[in-house]
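The values are calculated or read from the model by the stated rules, or taken from the named source; none is laboratory data. If you're wondering where the values come from, they're calculated on a predicted model, not measured in any experiment. Here the Cβ positions follow ideal geometry from the backbone for every residue, glycine too, while neighbour counts run over all protein chains shown. Please note that ligands, DNA and RNA were not included when accessible areas were found on the heavy atoms of the full protein model with its side chains. Shrake-Rupley method; radii C 1.70, N 1.55, O 1.52, S 1.80 Å.
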Amino acid sequence: MRAASFRQHLASLSCSLAVAMTGIAFVWFAPLMLTLVSENSPIPMTTTQSSWLVSSIEFGELIAVLPSGILADIYGRKSLILATGPICAATFILKVFVRSLTVMYVLRFLQGVCLGVAYAICPIYIAEIAEPRLRGGVSSHFQTLWYGGALFAYCVGPYVSYESYAWICLVVPLLFTATFVLMPESPYYLLMKGRKDEARKALVWLRAGKGINQEFKAMEDTIEREYLCKGSWRELFSTKKDRKAFIIVQVCCITKYMNGMSALVTYLSQTFGESSSQYLDHNELTIVVGVLLTVVTLSSSIMSDKIGRRPMLMFSSLGCSIFLLVIGGYYFLEFETSYDVRGYVWVLYVSMVGYIIVANVGLGPLMQTIQAEFFSSRTRGIGGGLTLIVGSLGAFWCIKQYQLVQDTVGVFLNYWIYGCVCLVGAISIYFYLPETAGRSLGEIQKDMSKHEEYAQSTSKVIFA
């Protein structure tokens with residue numbers, strides 16, 4: 001039992017190093033933000049250009065997500081994820097030797113492609129290798145290492161030279177490539193391709209040789225049932241069950257990616273630079289926030305399988321809404337009125353910490369779990385791709401409009417918008433999201449089908 005758990009966690013952690021790698025790429029410019037728009041910038045740019053630079057990574061992500069789902073079904077989950085390592089490594093090397101703003105846009109685009117692949121395919125791989133009892137905790141490695149990567153950048157970026165920063169970040173893609181090449185392919189994918197012996201071998205390794213016959217037979221039945229119909233985008237909407245699953249995933253996706261966390265981690269140094277503490281400078285505050293993000297997300301992995309997905313997501317969404325509205329209120333009083341709020345700066349920091357905690361006990365780590373659980377095997381690739389497009393558009397909007405809204409109206413409005421999004425998300429989750437903790441992927445699909453059949457039979461009785 002322990003050996004099986006260890007191997008599944010090991011495979012998930014190795015896979016999630018791809019997410020850490022793209023997390024570093026995503027926030028790479030964050031520790032340099034104030035420097036980039038200053039007179040001593042290594043790459044001279046305006047605040048408008050800097051906002052386009054940090055948000056341009058989303059264009060690569062948008063381009064990559066749909067092909068990623070298709071290619072993952074053709075060439076395999078592992079092969080596609082593994083390909084992101086050398087690409088991301090090359091972008092860090094080029095940053096050392098090239099200082100052109102145009103080239104930086106190209107490198108951000110390539111990093112966005114890697115981000116799109118990691119976000120679309122890693123959750124699928126992790127969900128398909130994990131036992132139901134471990135899936136919540138194992139899937140949480142995804143978000144934990146995303147913030148771990150961001151924390152790595154926050155800790156290194158402000159304290160070394162531009163060139164050293166790029167060379168040090170190169171370590172993570174190299175480590176990912178060296179470890180993930182040793183991990184097995186998803187047994188589900190191998191069964192999809194009719195490679196039963198390889199699938200059994202992969203499952204034996206993941207379960208540490210314990211009896212797998214019953215689980216392997218259940219996997220075969222699931223694949224046979226779901227692949228009688230070839231997966232396509234139409235399959236996402238072909239039945240009421242599929243439409244409901246798609247809507248549930250998109251509600252969770254929009255609530256996560258438009259709750260402001262992507263803008264916060266991108267503009268963290270700049271935000272704290274404008275409202276700094278008397279005890280810590282803005283770089284130290286940024287590191288503290290990065291530590292909180294990582295630790296809280298790691299802690300949530302212990303709770304998700306015990307407490308359940310639904311209560312954690314509801315608590316997370318509602319808590320985010322409350323704290324974001326308070327943060328917006330503080331910034332409104334500080335910048336838009338004559339009130340002196342310097343004596344109440346603790347309200348800002350407590351609210352920011354509260355927001356970080358509640359966002360990452362539910363919305364942060366569980367979005368990818370929900371995505372992998374609600375889409376069936378035949379639509380998991382294309383569904384994940386479409387979901388990531390929605391998430392990318394939401395993240396792009398958050399990042400791009402943050403500076404625009406701050407310059408034209410005031411930073412307070414950003415947080416009020418994010419708070420309203422989270423409130424709508426909490427209400428939607430309460431009414432529409434069923435519990436899935438402790439159930440296999442096949443059982444979740446069967447339950448969804450039973451609910452559809454029950455609803456159809458009830459409607460026939462009513463209208464008979």
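Some observations on this one:
- Each helix, a run of at least 4 DSSP H residues, gives -39500 (n - 2.57); summed and divided by the residues of the chain, these come to -26500 deg cm²/dmol at 222 nm.
- For the chain: relative contact order, % (alpha-carbon pairs under 8 angstrom, 6 or more apart): 25
- Cα gyration tensor category, rounded, prolate or oblate, for the range 152-269 with a/c compared to 1.5: oblate
- Distance between the range 156-224 and the range 108-138 - C-alpha centres, whole angstrom: 10
- Rounded to the nearest Hz, the phi-derived 3J(HN,Hα) couplings of the range 413-426 under the Karplus curve 6.51 cos²θ - 1.76 cosθ + 1.60 (θ = phi - 60°) are 5, 3, 6, 5, 5, 4, x, 5, 4, 5, 5, 4, x, 4, where x marks glycine and proline.
- Leading residue at positive end of dipole, the range 299-392 (Cβ point charges), from I389, W346, F315: I389
- Members of K217/K240; K78/K193; K78/K201 lying beyond 23 Å, as alpha-carbon distances in this model show: K217/K240
- Loop-located chymotrypsin sites (Phe, Trp or Tyr not before Pro) in the range 145-239 whose Cβ has at most 16 other Cβ within 10 Å (DSSP): Y227, F237
- Gyration tensor (alpha-carbon) shape descriptor, the range 107-149, a/c threshold 1.5: oblate
- A straight Cα-to-Cα reach below 24 Å connects K256 with the lysines K241, K244, K306, K400, residues fewer than 8 places away in its own chain not being considered.
- Global form of the range 297-429, assessed from the alpha-carbon gyration tensor, a/c cut-off 1.5: oblate
- Accessible surface area normalised per residue over the chain is 40 Å², counting heavy atoms of protein chains with a 1.4 Å rolling probe.
- Within the chain, longest stretch free of exposed GluC sites (Glu not before Pro) [DSSP loop, at most 14 other beta carbons within 10 Å]: 40-434
- Surface composition of the chain: carbon and sulfur make up 67 percent of the accessible area, probe 1.4 Å.
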